[in-house]
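Please read the structure below before turning to the comments.
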Amino acid sequence: MTAEIRTSDGELLSVKLKKVERRRRTTAFLLAAPLLFFIVFAYVIPIFQMLGRSIDNAEMNSFLTETHEVMQTWDGSEMPGEDVTSTFYYELKTAVENKYHGKIATRLNYEKGGFTSLIKKTSRKLKNFDENANFLDQFIDVHKKWGDIEYWLALKRGTDAYHFRKYLTTFDYEQKFDGSIERIPEKLRINVTLWLRTIFVAVGVTFCCFILAYPISHLLSVLPTRYSNLLMICVLLPFWTSLLVRTSSWMVLLQKQGVLNDTLVSLGFVADESRLELMYNMTGTFIAMTQILLPFMVLPLYSVMKTISPSLMRAATSMGATPFHAFRKIYFPLTYAGISAGSILVFVLAIGYYITPALVGGAKGILISNRIAYHMQQSLDWSLATAMATVLLIAVLVVYWLYNKIVGIDNMRLG
Amino acid sequence: MALPKYTEMRYRVWHYSYLVICTAVFVFLIAPLFVIIPLSFNAEQYIHFSDGMLALQPEAFSLRWYEDMIYGTKNPWGIAARNSVYYAFFSTIGATVLGTVAALGLSSRYMPYKQLIMSVLISPMIIPLIISGSAIFFSLAKLGLAATFPGIVIAHIILGTPFVVITVTATLSGFDDSITRAASSLGSTPTNTFFKITLPLITPGIISGALFAFVTSFDEIVVILFVAGGDRNLTTIPLQMWTGLREQLSPTIMAVATCLIVLSTLILIVTELLRRRSERIRGISAQ
């Protein structure tokens, strides 16, 4: 039987150890706690709340609660009965009195175009209604659109407490009033194009960054420190320079009357009347984003390449491998960690890019972020904007999760 | 990088083309920045190299766009610069304190749920800015802090902390625990050990994290587009540039850009000095 080991104050050592470890765990957690709570309450929860807006229609539902309830018994195959129309009349009257009918008009307009003017006109005429006569006839008298059953169906659908239709819009589909799901007319399709373009640009920019970063990272890692420190400035100076400065320098270079075109014309490569269209299209977005994101590929690649011993390649060649074979079999596989770290970083940054495409890309070079901003700030269709944001966020989180699996968050290095 | 004499011709060709490719990539990286600088001294108001500039005639150059930047009434660059510095200063302090303290906890061996907590803390850096911007805007608006000075500082603290956490945990990962143990065995209290031993050793990491936070705030454009809400008194340099670039590419913007390039050069020098210092402290020889 082993003797129980006790500490000087007579406590069991194992118990004491557990206590100390618990105290250290608590201390560590308490140190991280302020930032954790700050980020969770000021950032993570607001993100979820915002994403909730993509399915949330509670406000609209609260405006027209009774209409919505009465409509549940209406099957939508023929015009609604007096129970529906009268309830709607009284609730719209309350809305006009409390001045929120404008909001109702805007929200219903997302369901079916023409609702804004319809609600506004009806609201103005509500005071002329005879509350003892047939309401449907009076609605139709105010505006003939009330005779179209689709407007009543839109009203039914538009007052649901929540819905998932904005996710269909995100991919250019729509739900018809009979419940079937169809693609929207071809000339209105824009979102799928933007998603594909965003993925294409993100993948393409990542690939270009990889192709351009690989040789220079290698050169930086094999040069003597004196020279590589000097050349590193070429990578770090753009890295530390404002994004807007770099974007504006690309605007100066790529414009039709810009420096690049001027040079090409004066050298005689391009005729003055056929200057290249380098800006306000995909080419501009692509070139500018590649240059702006290149340092994010070079830095992880360089830090991995720096650790690869040159004797490995020498050993391979001394045993008869050609330099290309040695590179393919020995050097390249050793840089996988750097490639994946850099690629994922560049991809994640590229997929959410907003400023550069907006300035350099023009209408033909914008990406999904620009569309989200448009719906947030101009069309004010926040449900659609947040539905698109949710899809984008899921895409980014999947890549982030992969990054964590492959590289590990702890190994993230900067500068 | 000289090749041995016995190198075959095809490898010689390959080697020199490799050097040419590398040079081209370095030019691609750095040249766009240097195009801006001479254009900011342009005497004309068009953004291109005039014949006079190419011939290096002194009258083709002028400082008029710098004068316009400082004294021009049309562009509130003065307010913008002041605001940018204020936001960056306060958010750097907030982000550095919160981030450093959190990093100390995260580097402990005893930290529970380390991976999960780290992922949450880093998320503002990974999630697209357009999503962060709108989410922060909605939550600040609910608290009545949208388009206010504290609101913008809070937004910038959120964006700056991941950089501080990453740089400080990186510094702490190379930290030798036996030094602090030696201090405590010699009778130092934990607080004393922290301020006398740990803090001086991780200072380069903290400063470099603070620099990241500073630059993040100073450069930030997407979130502030949402949060500032078009209030001219809250404008910053990036916001002014964004507005200017959307209207017209003016030489005044080139002058501002040149000033920002000078600023980033200074930051680069500071980070380089810090890196050398931290390598020296840790006994890695710096050349």
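The values are calculated or read from the model by the stated rules, or taken from the named source; none is laboratory data. Just so it is clear, the model here is predicted, and its values are computed rather than measured. Quick reminder, even Gly has a Cβ in these numbers, built from the backbone with ideal geometry, and neighbours come from all protein chains shown.
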Give me the pairs, please: first residue somewhere in segment A:225-238 and of a type in the set (S, T, Y), second residue anywhere and at pLDDT 90 or above, beta-carbon distance under 6 Å, and either six or more positions apart or on two chains.
A:S228/A:L220
Just to be sure before I move on: is B:A135 facing chain A (nearest Cβ under 7 Å), at negative phi, assigned to a helix (DSSP H, G or I) and at pLDDT below 90 in the structure I sent?
no
Given the options A:S117, A:S180, A:S123, name the one that is of a type outside the set (V, I, T), at negative phi and crowded, with 16+ Cβ neighbours inside 10 Å.
A:S123
Let me confirm something: among B:V20, B:V27, B:V13, which residue is facing another protein chain (nearest Cβ under 9 Å) and loosely packed, with under 13 Cβ neighbours inside 10 Å?
B:V27
Residues located in segment A:361-386, provided they are modelled with pLDDT of 90 or more, more than 8 Å from chain B (Cβ to nearest Cβ) and under 18 Å from A:G204 (Cβ atoms)
A:L367, A:I368, A:N370
Residue that is surrounded by the most Cβ atoms within 10 Å (Cβ to Cβ), among those in segment A:251-302 that are among the small types (G, A, S) and within 12 Å of chain B (Cβ to nearest Cβ):
A:A288
Residue in segment A:8-27 that is without any contact (Cβ under 8 Å) to a residue 60 or more places away in the chain and in contact with a helix residue (DSSP H, G or I) (Cβ under 6 Å, 6 or more places away or on another chain) present
no
If you take just the helices (runs of 4 or more DSSP H) that sit entirely in segment A:153-270, which of them hold at least 1 residues that are more than 25 Å from the chain's Cα centre (by Cα) and at pLDDT 90 or above?
A:191-222, A:225-240, A:243-254
Checking A:L260, A:L254, A:L276, A:L243 in turn, the sole residue that is under 27 Å from A:A363 (Cα atoms), among the aliphatic types (A, V, I, L, M) and in contact with a Gly (Cβ under 6 Å, 6 or more places away or on another chain) turns out to be A:L254
Before we move on, is A:T317 surrounded by fewer than 17 Cβ atoms within 10 Å (Cβ to Cβ) and under 26 Å from A:L345 (Cβ atoms)?
no
Helices (runs of 4 or more DSSP H) lying entirely in segment A:39-85 (those with 3 or more residues that are of a type outside the set (S, T, Y) and within 14 Å of another protein chain (Cβ to nearest Cβ)):
A:45-52
Looking only at segment A:235-250, filter to residues that are within 15 Å of A:M279 (Cα to Cα) and not β-branched (V, I, T); which one of those is nearest to the other protein chains (Cβ to nearest Cβ)?
A:S249
Segment B:89-113: number of residues that are more than 8 Å from chain A (Cβ to nearest Cβ), in a helix (DSSP H, G or I) and not aliphatic (A, V, I, L, M)
7
Out of B:L116, B:L159, I need the residue that is assigned to a helix (DSSP H, G or I) and without any contact (Cβ under 8 Å) to a residue 40 or more places away in the chain. Which one?
B:L116
Within segment B:166-198, residues part of a loop (DSSP other than H, G, I, E, B), surrounded by fewer than 13 Cβ atoms within 10 Å (Cβ to Cβ) and modelled with pLDDT of 85 or more come out as B:L186, B:G187, B:T189
For segment B:236-249, what are the residues that are over 13 Å from A:I355 (Cα atoms) and surrounded by 22 or more Cβ atoms within 10 Å (Cβ to Cβ)?
B:T236, B:I237, B:Q240
Residue by residue through segment B:211-233, note down the ones that are in contact with a Phe, Trp or Tyr (Cβ under 9 Å, 6 or more places away or on another chain) and under 23 Å from A:L380 (Cα atoms).
B:I221, B:V222, B:V223, B:I224, B:L225, B:F226, B:V227, B:G229
Of these, B:N42, B:N83, which one is touching a helix residue (DSSP H, G or I) at 6+ places or on another chain (Cβ under 8 Å) and within 14 Å of chain A (Cβ to nearest Cβ)?
B:N42
Matching helices (runs of 4 or more DSSP H) fully within segment A:290-383 where at least 2 residues are in contact (Cβ under 8 Å) with a residue 60 or more places away in the chain:
A:336-351, A:368-377
Quick one: which residue in A:T87, A:T7, A:T27 is at pLDDT below 85 and out of contact with any Phe, Trp or Tyr (no Cβ under 7 Å at 6 or more places or on another chain)?
A:T7
Just for segment A:67-91: of the residues that are under 37 Å from the mean Cα position of the chain (by Cα) and surrounded by 14 or more Cβ atoms within 10 Å (Cβ to Cβ), which one is farthest from A:N134 (Cα to Cα)?
A:H68
Reported set for segment A:323-365 where residues are of a type in the set (S, T, Y) and exposed (fewer than 13 other Cβ atoms within 10 Å of the Cβ) is A:Y336
